[in-house]
1. Quick one: PHE10, PHE59, fewest Cβ neighbours within 10 Å first, how do they rank?
2. Too long at a 23 Å Cα-Cα cut-off: which of LYS39/LYS108; LYS71/LYS108; LYS71/LYS100; LYS47/LYS70?
3. Mind checking which aspartates and glutamates have their C-alpha under 15 Å from LYS89, skipping anything on the same chain fewer than 8 residues away?
Amino acid sequence: MKNFIKVIAFAFVMVLGANSAVAQSLSQNEDRPEVIAKKHTELLVDKLGLDGDQQRTVFRALVSKEINYKKLVVGQDISDPAVVANKKKVDASLDSVMKKTLTAEQYKKWLVTLQN
């Protein structure tokens, strides 16, 4: 009887451990705005040579852009005037933050990277 209880307890512990391992792997979903913004920020750090303060500001701006895109643009009818207006508003907000944060030379390079 003791062995049976030990086996049941061991199985219970293993099931709990498996659940927490699955939950950890789900926490880094590639579609999350933070993950997308982090990748884009790393790319901009390499191309533009951003300092620490610029990195933080650019990261926050990109997270905000991704969140607003997911809310207002993604999955919507692109030909809808309201969606087009929302997209322009989000893009203008990002452009404004980038213009304030980056130097003139970095801003020009950033505009070139947008076109590519």
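1. PHE10, PHE59
2. Numbers: LYS39/LYS108 20 Å; LYS71/LYS108 29 Å; LYS71/LYS100 25 Å; LYS47/LYS70 26 Å.
The pairs that break the limit, which is 23 Å between Cα atoms, are LYS71/LYS108; LYS71/LYS100; LYS47/LYS70.
3. Hits, sequence-local ones excluded: GLU66, ASP80.
Read-outs throughout are calculated quantities, based only on the coordinates presented, and are distinct from any laboratory measurement. The structure presented is a predicted model; accordingly, all values stated were derived computationally and were not measured. For neighbour counting, all protein chains shown are included, and Cβ atoms are generated from backbone atoms with ideal geometry for every residue, glycine included.
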